[in-house]
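The next block holds one structure in the form of structure tokens; read it before the comments.
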Amino acid sequence: MKIARKIELLSPAKNLLCGIEAINHGADAVYIGAPQFSARASAGNTIEDIEELVQYAHLYYAKVYVALNTILKEEELPVAEKLIHQLYNAGVDALIIQDMAIPEMNIPPIALHASTQMDNRIPEKVNFLEKSGFSQVVLARELSLSQIKEIAEQTNVALEVFVHGALCVSYSGQCYISQAMCGRSANRGECAQYCRLPYTLQDATGRTLSSNRHLLSLKDLNLSDHLENLLDAGVTSLKIEGRLKEVNYVKNVTAYYRKKLDGILNHRQEYLSASSGYCTYDFTPDLSKSFNRGFTDYFFKERKKDIISFDTPKSIGEPVGRVKELGRNYLVVAGTSVFNNGDGLCFLDEKGVFQGFRINRVDTNKIYPAEMPLILPKTPLFRNYDHAFEKQLSKKSAERKVKVQLTLKEEPNGFSVSARDEDGCDAFVSFDFNKEIARKDQAEQIKTQLSKLGNTIFEVEDLEILCQTKWFLPASILSEVKRKYVDALLLARASAYLRPKRQKEMTIEIFPEKDLSYRGNVFNTKSAQFYHKHGVDRIDPAFESEPNDLVPLMYTKHCLRYSMGYCPRQHNNRTPIKEPLYLLSGQGRLELEFDCKNCEMKIYRSLR
């Protein structure tokens with residue numbers, strides 16, 4: 001009989017509050033930034049907060065992964081080693097890492113996950129990581145379903161795939177433009193997001209092909225309609241991006257994917273939830289109501305033109321209608337959307353500039369802005385801030401409960417209560433009591449008293465009373481017994497929890513490449529030591545060590561020629577524009593190179 005595979009919904013945690021709410025809204029695991037060395041430098045957390053999150057997550061057998069996924073300077077190695085020991089002592093379940101110095105350190109047996117910053121795109125690389133002791137590998141976002149399936153068929157390691165959130169236009173870990181332009185390294189958690197800037201595209205003659213548009217800013221990923229395909233392809237962990245997102249985003253998006261995933265688990269018995277409990281919500285999750293630049297499934301099935309948010313890198317939200325009529329201090333909207341005072345609406349003006357305004361007052365579909373915008377009739381409107389929805393999320397919006405079965409049994413000198421939760425953890429409480437026959441049947445009162453668990457994580461699913469006589473049991477006794485069996489069950493769950501351990505390196509596996517260029521991101525001697533031990537002959541220093549104006553600063557599957565209709569394959573293998581192409585901004589000039597064989601675009605600092 002085939003063993004059911006546990007499926008993990010993995011949510012981001014900017015901080016302790018976000019992590020707790022991710023668990024409350026259905027996450028099987030959360031990932032959070034370490035105090036230092038996280039790829040989101042502004043999203044670090046204290047050891048104390050991480051430990052508190054671990055304790056809360058483990059109540060539901062959910063896991064906590066800590067992102068420690070920057071490349072490390074030589075002098076930072078002992079600091080990182082000490083930090084890893086602190087994280088292990090705090091109960092963390094795994095580290096998400098990029099720097100291969102870490103496996104070479106004297107660290108505790110903590111599980112290691114290979115960050116997407118390691119550019120995990122091919123079966124050979126993933127197989128190497130598996131045999132080198134990694135228990136989970138985060139795949140590149142650019143992979144198609146067939147490529148993911150190919151990797152799963154050739155490896156046994158747990159595969160983690162992004163299903164929602166912001167997309168880096170470059171392959172993760174392969175973007176050096178921020179370091180080159182302003183000395184802020186993406187591989188050090190300090191990305192300046194040059195991909196979100198407006199650019200003007202010119203050809204070799206100086207002709208402008210596109211002016212002041214966000215030519216590198218991708219839409220946000222949304223694979224919510226493809227979850228079952230991913231599971232069938234071999235994916236174990238479904239990851240939501242967003243360690244810089246606020247708590248309402250985490251609540252809404254986690255709840256949405258939890259409901260979608262539960263719908264699959266309910267009819268696919270070969271898949272199980274990776275943690276305990278079930279969630280109920282006081283709101284209807286809706287992805288369009290949280291930050292988004294418009295959605296794309298990226299390269300999931302095939303290359304598409306419409307993956308770029310050319311007009312703005314900001315959130316556009318949900319479409320709500322068109323301007324039907326304009327007054328001196330109001331506008332009338334054609335559509336069926338319901339508006340509220342305080343909503344934020346946005347639109348593109350006649351020059352293509354992204355604009356927004358706040359609603360001051362609403363009269364059905366007549367809207368009175370706080371400040372009247374310069375807008376034309378028939379302009380499409382979007383809502384990127386739903387005041388009523390955000391207000392709902394600002395309160396308690398979900399509850400997560402672990403199911404328990406109880407048995408009240410008569411004993412020679414009193415009574416006992418046995419409790420078993422949905423994970424098979426048992427608790428037993430006995431108490432002496434001078435038995436007294438009740439004047440009337442107390443069964444319903446007993447069930448009510450023993451089942452009313454309030455703010456605990458438990459919910460009584462069934463209670464069986466095994467007494468031949470209808471005894472009297474006072475509410476005070478039942479209340480004390482309830483407290484004791486809850487405490488005993490929590491202790492049993494804590495004792496039964498098994499933290500993942502680091503996988504042992506199977507052999508000294510040979511790395512798939514003999515030579516490592518600057519793209520290997522080797523920034524210290526221990527990382528070099530790791531790769532030399534695994535058969536690499538030549539190692540170039542990381543770009544952060546030796547910046548080079550002659551090498552590509554970005555590697556991307558996004559192709560501007562394709563997105564803008566200039567692909568040679570669309571024009572009988574002839575380019576209808578004079579190359580090379582250039583991107584111009586206030587920050588400088590970049591040159592584009594197109595690799596048609598691999599269907600990729602490379603971006604250089606322009607030296608012409």
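Remarks
- Placing one equal scatterer on every Cα of segment 214-264 and applying the Debye formula, the log10 ratio I(q)/I(0) at q = 0.16, 0.20, 0.27, 0.30 Å⁻¹ is -0.57, -0.81, -1.13, -1.23.
- Only the Cβ atoms of Lys and Arg (+1) and of Asp and Glu (-1) were treated as charged; on that basis the dipole of the chain about its Cα centre amounts to roughly 1600 debye.
- ³J(HN,Hα) computed for each position of segment 544-556 - Karplus, 6.51 cos²θ - 1.76 cosθ + 1.60, integer Hz, glycine/proline x: 5, 7, 9, x, 9, 6, 9, 9, x, 9, 8, 10, 9
- Descending by average beta-carbon neighbour count within 10 Å, the peptides 356-365, 560-569 line up as 560-569, 356-365, the highest first.
- Span-rule helices in the chain, defined as complete DSSP H runs reaching 20 Å or more along the axis (Cα) with Kyte mean at least 0.0: 475-496
- Accessible area of segment 313-404 belonging to carbon and sulfur atoms, whole % at 1.4 Å probe: 49 percent
- Zone of Leu376's modelled label, taken as backbone nitrogen in segment 336-357 under 20 Å from a point 7 Å along Cα→Cβ: 346-357
- When each of the peptides 429-441, 147-159, 57-69, 319-331 is scored by how many other beta carbons lie within 10 Å of its residues on average, the order from highest to lowest is 57-69, 147-159, 319-331, 429-441.
- 10 Å-binned pair-distance histogram of segment 273-391 (Cα, whole percent): 12, 39, 28, 15, 6, 1
- Theoretical ellipticity at 222 nm over the chain - DSSP helices of four or more residues, -39500 (n - 2.57) apiece, nearest 500: -6500 deg cm²/dmol
- Considering only beta bridges that DSSP places wholly inside the chain, some 60 percent are antiparallel.
- Note on segment 257-323: Rg/Rh from Cα positions, Kirkwood definition for Rh, rounded to two decimals, is 1.08.
- Too-long pairs where the Cα-Cα distance tops 31 Å, listed order kept, from Lys14/Lys447; Lys63/Lys403; Lys125/Lys501; Lys149/Lys259: Lys14/Lys447
- Gain in span if fully extended, Glu593 to Glu579, counting 0.36 nm per residue against the direct Cα distance: 4.1 nm
- Per principal axis, descending, Cα span of segment 386-484 in whole Å: 61, 31, 18
- Net charge in the neighbourhood of Gln136 (other residues with Cβ under 11 Å of its Cβ; Lys, Arg +1, Asp, Glu -1) is -2.
- Sparse-neighbourhood loop sites, chymotrypsin sites (Phe, Trp or Tyr not before Pro) in segment 260-295 - DSSP loop, at most 14 other Cβ within 10 angstrom: none
- Summing charges over all other residues whose Cβ lies under 14 Å from the Cβ of Gly414, with Lys and Arg as +1 and Asp and Glu as -1, gives -2.
- q = 0.14, 0.18, 0.19 Å⁻¹: log10 I(q)/I(0) that the Debye formula gives for segment 333-406, counting C-alpha atoms only: -0.53, -0.75, -0.82
- Ranked by the mean number of other Cβ atoms within 10 Å of their residues, highest first, the peptides 511-517, 383-389 fall in the order 383-389, 511-517.
- Principal semi-axes in Å for segment 122-231 [√(5λ), Cα gyration tensor, largest first]: 33, 18, 13
- Kirkwood radius, segment 504-591, all distinct C-alpha pairs, inverse of mean reciprocal distance: 16.6 Å.
- Computed over protein heavy atoms with a 1.4 Å probe, the accessible surface of segment 128-250 works out to 30 Å² per residue.
- From phi via Karplus (6.51, -1.76, 1.60), per-residue ³J(HN,Hα) for segment 329-343 in Hz, x at Gly/Pro: 9, 8, 9, 9, 9, 8, x, 10, 5, 9, 9, 9, 4, x, 4
- Computed over segment 69-116, the percent of Cα pairs more than 12 Å apart is 59.
- Taking the Kirkwood radius as Rh and the Cα radius of gyration as Rg, the chain has a ratio of Rg/Rh equal to 1.04.
- Distant-in-sequence amide contacts of Gly317, defined by a placed amide H-H separation under 5 Å and a gap of 5 or more residues or a different chain, comprise Asn292, Gly294.
- Kirkwood hydrodynamic radius over Cα pairs of segment 547-608, then Stokes diffusion coefficient at 4 °C and 1.567 mPa s, in µm²/s: 105 µm²/s
- Kirkwood radius, segment 101-169, all distinct C-alpha pairs, inverse of mean reciprocal distance: 12.7 Å.
- Convex hull projection area averaged over all views, segment 1-159, Cα basis, nm²: 10.2 nm²
- 3J(HN,Hα) along segment 288-302, derived from phi through the Karplus expression 6.51 cos²θ - 1.76 cosθ + 1.60 where θ = phi - 60°, amounts to 5, 8, 10, 3, 7, 9, x, 10, 8, 9, 6, 9, 4, 10, 7 Hz, with x in place of Gly and Pro.
- Formal net charge of residues neighbouring Asp349 (Cβ-Cβ distance under 15 Å; K, R +1; D, E -1): +2
The values are calculated or read from the model by the stated rules, or taken from the named source; none is laboratory data. This structure is a prediction, so every number in the text was calculated from the model and none was measured. Neighbour counts run over all protein chains shown; Cβ positions are idealised from the backbone, glycine included. Ligands, DNA and RNA are excluded from the accessible area calculation, which covers all protein heavy atoms including side chains. Shrake-Rupley method; radii C 1.70, N 1.55, O 1.52, S 1.80 Å.
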